[in-house]
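Just below is one structure, and these are the notes that go with it.
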Amino acid sequence: MMKPTSVLNQWQHQSALLLLLFILLLPQIVTADNSKEIVSTVAETHPVMPTVHVEAVRVAPTTGMTIIDREMIEALPMRNGSINEVIGIVPGIQYSEESLNSSTAGEITPPVISISGSRYYDNNFTIEGISNNNSLDPAFMKTSDASKLPGHSQMHFLSPEVIEQITVYNSNIPAKFGGFIGGQINTEIINPTSDFWGKINYRMTNDNWTSFHIDPTDQEDFDHSNNLSMQPEFKKQQFGFILNTPLKLGTNLITSYQQQYAEIPLQHLGGVSTQTRKQETFLAKLEHELSSQSNISVTALYTPSSSQYFGPYNSGTSDHKNSDYEIDSENYSILAQVEKELSNSQLSFTLGYTGQKNRRDAQENRFAWSSATDSVDWSNTTYAYEGGMGDLETGQDQLSVKTEVTVDDINWGETIHIFGLGAEANYANKYYKRPQTNYYYNGPRIDNSIVCDPEDLACIDNEQYLYKRTKYSQADTDVEIADISVFIQDSILWKRLEIVPGIRISYDDYSENINYAPRFAASLDLFGNQWTTLFIGRNRYYSGTLLTHALYEDIIVIKQEREDNTSDWIDVANRPTTFLYKDGEIKTPYSDELTAGIIQKVLGGNLKFQYIKKSNKDELARGKITNPGEPDIYIFNNLGRSEHKSYQLSWQRSWMNHFLEINVTWQETTTSHEGYFDSLDEEDTAETIWYEGKEIYYYEVPRTDFNRPFVANLIYVAQLPYGITFTNTTKYRGAYWRHWLARDEDNNLIRQPSIINPEQSDPFVYEKVKSNRSIYFDWRFSWKSAEVLDQSVLLSLDILNVFNRKMKYGYDSGNYGYNYELGRQIWAGVEWHF
C-alpha cells in the first residue's frame, strides 16, 4: 500500500529526521549553558485566570483552555460516566440529537461531541499526551453492517474514577498540539502517592428507576420490542476498586479495575433473550523519583469491551434464527514518561505503544427464507431470516515518541521569553480482515418436489430454495503510515503585553503532504492589574490522516444468481458496494481560525467573552467514478467545506464552599456534507436550492446535527454541613431548524427556476422545520461519613432530568413518530474509602 518515494520526498524525510534528532539532542545544548539568570517564574509572568478548585493552576488567557480537575469530576452528576459526559459543561461543546434518545437507554457507549462546530471525529483525544484517537472508521456507528464494524472517535473509554484532570482546548490551541481541526482534549491519569489508601465503588440504575418518553404511535412496538433500537427494559451496574501502594521511598504504584455492565432483555423467537454490553478498565501506574529534579512514570492501560447482539439487523424486520453475534474490542497502551528539571528549562520525553483489536464473531452465512413452508416457522412476516454476517477483524498498532523542551525566562532587552519546542513521531500499522468468504442468500422459490444437494446450504428438501445471493469475498488489507511533526513557540512578555507566535510542521509518508500550521495569539493586560485582559488569535490546524478508505480497498461485494438449485452460481454484476481508494493528490483538511475576546473581573469572579470564527477547507468526502459496464469506484476527495462562528460568554466564581459557573454559546455551522462517508462531487458543490424564499448554495444551509444555535449551562456546587455535597447542572438548548424537501398537495417534490444559474435544472425547494428547545436539570447529592480508623463511606444519588420534562427532537417523517429525550433517571452509588 506504500507509495514510491521520489528523490524530493527522500530529501524531505532526511530533513525531517535531522530536525527531530536536533530537538532530541537539544536538552544537552540547553544544559551546557546555564549562565542565564532566572528572574521570575512562569506563573508570575503570565496573565492568569485561576481555575476553580485547583488554585495553583494558572492559565494564559491567550489559550481557549478549560481545566476540569478531580474535585469537579467527582461532583458532577453523570449517566454512564465518560470523558465526553464530563466535558459537556465547557462552552462550545455540543452533543448529537441522538445522545439522549429515550428508546435506547440501555446503551453505555460514550456520546460523541462537537467542539467549535467540528465533526465528532475531527477532535484530538490524548491520554497523557499520547493519541487516543480511533482512525479506523470513527464515523461508522452501525452494529449490523455486513462489511464494517462500528467505530468511535476514541479507543480507550476511561472510567472517570481513574481520571485526575481533563484539559479541553476549543480555540487558540498551542503549537505543541496537532492532528485535529476541532478541539484538543487531554486526559491525565490519577497519580500514585506516598501513602497507602484505596477505594471500592459501586453504582447502578435500571428501567424501574427511569421514565421513558415514547411517541404514542411507537408505544406498542416499544413495549414488545425485538430490536435494539427500542429498549424498554435494562439494568446497568458500575463497580471497581482503586489501590494505592507505596513500594519504597520515592517509588509508588496505583492500580485499578473498573467495569460497566448492562443487560437489555428483548423479545426473541417467542421468548425473551438478553443482550449485554460490557466495558472494563485495567490500570497500573508506577512513579519513581530518579532525583530531586527528575522522575519517571510508567502507565499500563487495558480497556476491553464486548457487546452481545442478535437479529433483527434492520428495524422492522422479523426475528432472526441463529443470529447471535458478538462484537469485541481490546485496547491497550503502555506509556513511559521522563521529566527533568534543568537550571532554566524543563524536559519531557514520552514513549508510548498503543494497540487496538476489534472483531465480530458471527454465523458465516445469512438466509432470507419464505415463511410459507412448514419447517420455517419462526416468523409471522413474508420472509424468515436466519444466520449472520460472518466474522470481521480490524485493528491498529502504533508506536509514538514525543519530546518537549521549555526554556524559562530568557531576558532579551525589555522582553521576557518562555521558549518551547518539541517533536513527535508515530508509526502505525492498521489492518482489515474478513477471514472467509460469506454469503447472503435470498430470493426464495417454493417447490414441494425439490431434492437438495447435501452441500447446498440454500435449499430445503420438498420446500424451497434460494436463487439469489450476495458474495462478500475474503479480504486482508494492511496499511502502514509514519508521521512526524515538529513545533516551536515563543511566549513573549513585554510590559502588559503577551505575544505567542508559533508554528507546527507535520508530514506523513502516506499522503506525502507537508503541512505548515502557523499559530499566533496575543493578550493585553489593559490596566496592568489583571482586572481586564484583551486577547486575539489567528491559527491554522491540520487534521490527522484518516485511513478508512485505504482499509476498505479489498472489500468486494458481488451479486450472483442461479437458474435452479442444480445450476452453478453466475455473477450478475461485479459492482462493489464499498470500494474506496486514495487519490494521490488528496490534501490534508485544514481549519483557519480567528478569535478575539475579553476577560473581566466582575462580581468576585471572571467574566469571559469570546468570538470564534472557523473556516474548514479541503474536508474529506466521497466521490464516485461510473463507467458503463464497469464497477462503480468510490474515492475520497477534498470537495468538502464548512463554516462556523460562535459567541461565548462565561462567568465563574468560587467562594467559601460554593462554586458557580454560567456559560452561554450562540453558534451557527454550515457545511457541504455531514461526514467523509457522504457523497460529494463537483456538480454537488455548485448545487443550489430554494430555502426560506432565497436561492442559496446547498452548503450554506445550517448543519442538521450538533448545531443548536443557543446553548447555556449553569453549574452550581455547594459543600454543605454534615459531609453533604450538592451539585446542580442545568443545560438549556434552544430550538433549532432542520430542512426538508417540500412537497405539493399531490406529494410531488417542488422545484423553482434558478436565478444564480438559469441553465441548470430547476433547484429543489426545501422547507424549514423547527425542532423544540430542551432544558435539563441534573442533580447530584453525596454524603461522606466522618473518618473512623482512616475509613469512610460515601453515598451518592444522581437524579437526571429531575423534573421529568418531555422533550421532543427531530421531526415526524410520516412513517414513524417523533423522537423524545429520556425522562427522569436515578442512579445510586456507594464508595468505601480506606
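Results, tabulated for the structure shown:
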item: Near pairs, Cβ below 9 angstrom, 6+ apart or cross-chain, from segment 438-464 (farther than 19 Å from residue 385 by Cβ) to any residue that is part of a strand (DSSP E or B) and acidic (Asp, Glu); result: none
item: Residue in segment 244-260 that is nearest to the chain's Cα centre (by Cα), counting only those that are closer than 20 Å to residue 832 by Cβ and buried (at least 17 other Cβ atoms within 10 Å of the Cβ); result: 260
item: The one condition in (1) buried (at least 20 other Cβ atoms within 10 Å of the Cβ); (2) in contact (Cβ under 8 Å) with a residue 40 or more places away in the chain that residue 678 fails to fulfil; result: (1)
item: Among the candidates 782, 761, 796, 792, residue that is polar (S, T, N, Q) and outside any strand (DSSP E or B); result: 761
item: Candidate set from segment 314-353 (those that are out of contact with any strand residue (DSSP E or B) (no Cβ under 8 Å at 6 or more places or on another chain) and over 23 Å from residue 150 (Cβ atoms)); member that is modelled with the lowest pLDDT; result: 343
item: Search result, residues across segment 107-131 that are surrounded by 24 or more Cβ atoms within 10 Å (Cβ to Cβ), of a type outside the set (Ser, Thr, Tyr) and part of a loop (DSSP other than H, G, I, E, B); result: 117, 119, 122, 123
item: Filtered residues of segment 116-155 (kept if small (Gly, Ala, Ser) and more than 21 Å from residue 188 (Cβ to Cβ)); result: 116, 117, 118, 135, 139, 144, 146, 147, 151
item: Conditions (1) at pLDDT below 95; (2) β-branched (Val, Ile, Thr); (3) surrounded by 21 or more Cβ atoms within 10 Å (Cβ to Cβ): number failed by residue 143; result: (3)
item: Condition met for residue 754 (modelled with pLDDT of 85 or more and small (Gly, Ala, Ser)); result: yes
item: Unique residue being touching a Gly at 6+ places or on another chain (Cβ under 7 Å) and farther than 23 Å from residue 173 by Cα when the list is 122, 137; result: 137
item: Strands (runs of 3 or more DSSP E) fully within segment 642-749 counting 1 or more residues that are closer than 21 Å to residue 98 by Cα; result: 658-671, 710-720, 724-733, 736-741
item: Single residue of segment 212-225 satisfying the filter (surrounded by fewer than 17 Cβ atoms within 10 Å (Cβ to Cβ) and of a type in the set (S, T, N, Q)) that is modelled with the highest pLDDT; result: 219
item: Test: residue 474 is farther than 30 Å from residue 542 by Cβ and out of contact with any Asp or Glu (no Cβ under 8 Å at 6 or more places or on another chain); result: yes
item: First in segment 400-417 and surrounded by fewer than 19 Cβ atoms within 10 Å (Cβ to Cβ), second anywhere and of a type in the set (Lys, Arg), Cβ under 8 Å, 6 or more apart; result: 410/36; 411/36; 414/495
item: Among the candidates 704, 727, residue that is in contact with a helix residue (DSSP H, G or I) (Cβ under 6 Å, 6 or more places away or on another chain) and either polar (S, T, N, Q) or at pLDDT below 85 (or both); result: 727
item: Members of segment 650-663 that are surrounded by fewer than 17 Cβ atoms within 10 Å (Cβ to Cβ) and in contact (Cβ under 8 Å) with a residue 60 or more places away in the chain; result: 657, 658
item: Candidates 450, 492, filtered to the one that is more than 28 Å from the chain's Cα centre (by Cα) and under 28 Å from residue 350 (Cβ atoms); result: 492
item: Unique residue being farther than 20 Å from residue 205 by Cα, out of contact with any helix residue (DSSP H, G or I) (no Cβ under 7 Å at 6 or more places or on another chain) and free of Cβ contacts under 8 Å to residues at least 60 places away in the same chain when the list is 293, 237; result: 293
item: Set 662, 625: member being out of contact with any Asp or Glu (no Cβ under 8 Å at 6 or more places or on another chain) and of a type in the set (A, V, I, L, M, F, W, C); result: 662
item: Top-ranked residue of segment 380-394 - restricted to ones that are touching a Ser or Thr at 6+ places or on another chain (Cβ under 9 Å) and crowded, with 20+ Cβ neighbours inside 10 Å, ranked as farthest from residue 322 (Cα to Cα); result: 392
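The values are calculated or read from the model by the stated rules, or taken from the named source; none is laboratory data. All values reported here derive from a predicted model rather than from experimental measurement. Please note: Cβ atoms are built from the backbone with ideal geometry, for glycine as well, and neighbour counts cover all protein chains shown.
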